[in-house]
Amino acid sequence: MMSNIELKNKVYKELESADDCLLEEILGLIHIESENSEMVSIPEHYKQALDKSISQIKSGDTIPNAEVEESIEKWLYK
C-alpha cells in the first residue's frame, strides 16, 4: 500500500497531463466528496415531530395506507 505522500505525488503527476474534461471531473468528485462529509443538522422541531411519529407507530396509532388513499380520492373528486 502506498503512503499518503506517494499517493499524492502519483496524483500530481497524473494531473500534469490531464485534459480539461478530466480535470473538471476530478474537481467535481472532490467537491461532491467534501459536501458529503459535512454533518447534517436537523432542527429541533423536526426531531420532536419525528419522535412523536415514532411513538405513534409504536403505540399502533396509525391509519392504513389504503384508508388514507381512499380518503384522498374522496377529497379530490368531491
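Conditions tested, residue by residue: (1) at pLDDT 90 or above; (2) in a helix (DSSP H, G or I); (3) exposed (fewer than 10 other Cβ atoms within 10 Å of the Cβ).
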site: E33; (1), (2), (3): no, yes, yes
site: K47; (1), (2), (3): yes, yes, no
site: S53; (1), (2), (3): yes, yes, no
site: I63; (1), (2), (3): yes, no, yes
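Of the residues examined, K10 is not one that is surrounded by fewer than 10 Cβ atoms within 10 Å (Cβ to Cβ) and assigned to a helix (DSSP H, G or I).
The values are calculated or read from the model by the stated rules, or taken from the named source; none is laboratory data. Please read these numbers as outputs of a predicted model, since none were measured by experiment. When we count neighbours, we look across all protein chains shown, and the Cβ atoms used for this are built from the backbone with ideal geometry, even at glycine.
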